[in-house]
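Taking it in order: structure first as structure tokens, then the write-up.
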Amino acid sequence: MGAAIRVLIVDDHPSLRAGVRALLDSEPDIEVVAEAGSAAEARIAFVKDRPDVSVVDLQLPDGAGEELIAEFVSTRPEAVILALTSFDGSETIKRTLAAGARGYLMKSTASQEIVDAVRSSHGGRRVVKGLVAERLAEAMLQEDLTPREMQVLSALTSGAGNKEIARALEISEATVKLHIGHILSKLQAKTRTEAIMIALKTGLIRA
């Protein structure tokens, strides 16, 4: 077996740090080399201990985790950063990944998935799964669909037919059909029912 993956845990809650440390230290190929309860402590540990993977919370008492992640990546481009947080907003996820995080995990993530994420990210893979992946998909679809297409999709989800949609939006049925065609294409759906299922599954439209 090669050298163990060196990990830094950054979180202001001692109990969470202890839990993650115990989890990772129990793995033969992973070693927690440092902990930090603030951005200031994290900066010192990052330079001193040179971790392979840093597991970083996004809410720290002396600064935003996103800014710390960007700083780490700027200092050492080869460094791997995993966000471990309770925030699931799509904008926060996008900003964090844009800052340079290799992965984004929720604090509710199963223990084994956290271990797997450390290994996978160290191996060069991005780690974006479950709820986080759904939030990103939702954000991407919302950016892709026009406001009018979103109105039509919402009406379809509520069970409205073409005539009802045309009357409600004060547009022609031909225009409704055109919008539906665009929606199917953008969602890569073959039928209206499939488009509705995709919209509900990704959270694009709430049931």
Which is free of Cβ contacts under 8 Å to residues at least 12 places away in the same chain and more than 20 Å from Glu113 (Cβ to Cβ), of Glu78, Glu67, Glu35, Glu71? Glu78
Here is a list: Pro51, Pro77. Which entry is over 17 Å from Tyr104 (Cα atoms) and under 22 Å from the mean Cα position of the chain (by Cα)? Pro77
So Val10, is it closer than 16 Å to Gly100 by Cβ and at pLDDT 95 or above: yes
Single condition Val55 does not satisfy, out of (1) without any contact (Cβ under 8 Å) to a residue 40 or more places away in the chain; (2) open to solvent by less than 80 Å² (accessible area, probe 1.4 Å); (3) among the β-branched types (Val, Ile, Thr): (1)
With the requirement that a residue be at pLDDT below 90, within 28 Å of Thr75 (Cα to Cα) and buried (at least 17 other Cβ atoms within 10 Å of the Cβ), what does segment 107-127 give you? Val127
Residues (surrounded by 15 or more Cβ atoms within 10 Å (Cβ to Cβ) and either outside any helix (DSSP H, G or I) or free of Cβ contacts under 8 Å to residues at least 12 places away in the same chain (or both)) located in segment 151-163: Ala160
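Could you tell me whether any residue of segment 84-98 is among the hydroxyl-bearing types (Ser, Thr, Tyr), within 14 Å of the chain's Cα centre (by Cα), under 23 Å from Arg126 (Cβ atoms) and in a strand (DSSP E or B)?
Looking through segment 84-98, at least one residue is among the hydroxyl-bearing types (Ser, Thr, Tyr), within 14 Å of the chain's Cα centre (by Cα), under 23 Å from Arg126 (Cβ atoms) and in a strand (DSSP E or B).
The values are calculated or read from the model by the stated rules, or taken from the named source; none is laboratory data. Quantities reported herein were computed from a predicted structural model and do not represent experimental measurements. A quick note on method: Cβ atoms are made from the backbone with ideal geometry, for glycine too, and the neighbour counts reach across all protein chains shown. Side chains are part of the model used for accessible areas, which takes the heavy atoms of the whole protein and leaves out ligands, DNA and RNA. Shrake-Rupley method; radii C 1.70, N 1.55, O 1.52, S 1.80 Å.
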